[in-house]
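Step one of this worksheet: look at the structure below.
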Amino acid sequence: MNFLGFIRRKKSKMVHVIKYPDEFLIETVNSSNTGTWLRSKFVSLKPATIGIIELGKIISFHLEKSEKVDYEKYDLKETNENYKKVSKRKTIKEQMMNAKLVSVHSENNTITLTPHINGRIKGNSRGYEGIEEDELILKNTGDMTEITKAVIRLLEKCK
């Protein structure tokens, strides 16, 4: 609480950086009033040969676009259709195939980078599961080059 008695609200933002063999997909993820994180309409597809500085700028752009939304009024169908169009992956199976994901979570002055296990689309471990023991917490100094290099390193830990 600050000296005026107002409660400071945490600004929580998230981006998923997904590495495919030949490209990166960067998507903005929105928080909702229910606590659920939701895919947004902001999705970028870049070649795997993209430079660290450019990738950092894209991650920063997507973090800025992350916002809090009303779950009941959110159009998930529209955002999912947009994702399919931009990613060129029409099915969940195509979206999960050979995908490595690192989430970039920004809250106040902290950046948390979490690599994930890709459980594919069937079975008890389907979807993405964070690898907590490999999670990296950084002070948000605004140096996107440092953050992006850490994302690239953590992509190697994804399974």
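How many of the residues in the range 95-129 are open to solvent by less than 30 Å² (accessible area, probe 1.4 Å) and either of a type in the set (A, V, I, L, M) or not in a loop (DSSP other than H, G, I, E, B) (or both)?
Result for the range 95-129: 15.
Tell me, which residue of the range 130-150 that is in a strand (DSSP E or B) and open to solvent by less than 80 Å² (accessible area, probe 1.4 Å) is farthest from Glu94 (Cα to Cα)?
Leu138
Go through Thr79, Thr114, Thr145, Thr141 for me and flag whichever is under 17 Å from Ile26 (Cβ atoms), more than 16 Å from the chain's Cα centre (by Cα) and polar (S, T, N, Q).
Thr145
Which is open to solvent by 20 Å² or more (accessible area, probe 1.4 Å), of a type in the set (Asp, Glu) and touching a strand residue (DSSP E or B) at 6+ places or on another chain (Cβ under 8 Å), of Glu27, Glu67?
After applying the criteria, what remains is Glu67.
Filter the range 81-94 down to the residues that are part of a loop (DSSP other than H, G, I, E, B) and surrounded by 13 or more Cβ atoms within 10 Å (Cβ to Cβ) and list them by number. Reasoning before the result, please.
Residues of the range 81-94 that are part of a loop (DSSP other than H, G, I, E, B), as a first pass: 88-91.
The one that is part of a loop (DSSP other than H, G, I, E, B) and surrounded by 13 or more Cβ atoms within 10 Å (Cβ to Cβ): Arg89.
Would you call Glu78 part of a helix (DSSP H, G or I), farther than 16 Å from Ile147 by Cβ and either in contact with a Leu (Cβ under 6 Å, 6 or more places away or on another chain) or open to solvent by 90 Å² or more (accessible area, probe 1.4 Å) (or both)?
So Glu78 passes the test.
In the range 42-57, which residues are within 18 Å of Ser87 (Cβ to Cβ), open to solvent by 30 Å² or more (accessible area, probe 1.4 Å), of a type outside the set (Gly, Ala, Ser) and in contact with a Lys or Arg (Cβ under 9 Å, 6 or more places away or on another chain)?
Phe42, Leu45
What's the number of the condition Cys158 fails, among (1) outside any helix (DSSP H, G or I); (2) farther than 18 Å from Thr28 by Cα; (3) more than 16 Å from the chain's Cα centre (by Cα)?
With (1) outside any helix (DSSP H, G or I); (2) farther than 18 Å from Thr28 by Cα; (3) more than 16 Å from the chain's Cα centre (by Cα) applied to Cys158, the lone miss is (3).
Given the options Lys159, Lys73, name the one that is modelled with pLDDT under 90, of a type in the set (Lys, Arg) and farther than 25 Å from Ser32 by Cα.
Within the list Lys159, Lys73, the selection yields Lys159.
Those residues that are among the polar types (S, T, N, Q) and within 11 Å of Asp22 (Cβ to Cβ), I need them from the range 36-50; list them, please.
Within the range 36-50, Thr49 is the sole residue that qualifies.
The values are calculated or read from the model by the stated rules, or taken from the named source; none is laboratory data. Please read all numbers here as calculations on a predicted model, not as lab measurements. Positions of Cβ are generated from backbone atoms using ideal geometry, with glycine treated the same way; all protein chains shown enter the neighbour counts. Ligands, DNA and RNA are stripped out before the accessible areas are found, and what is left, the full protein with its side chains, is counted by its heavy atoms. Shrake-Rupley method; radii C 1.70, N 1.55, O 1.52, S 1.80 Å.
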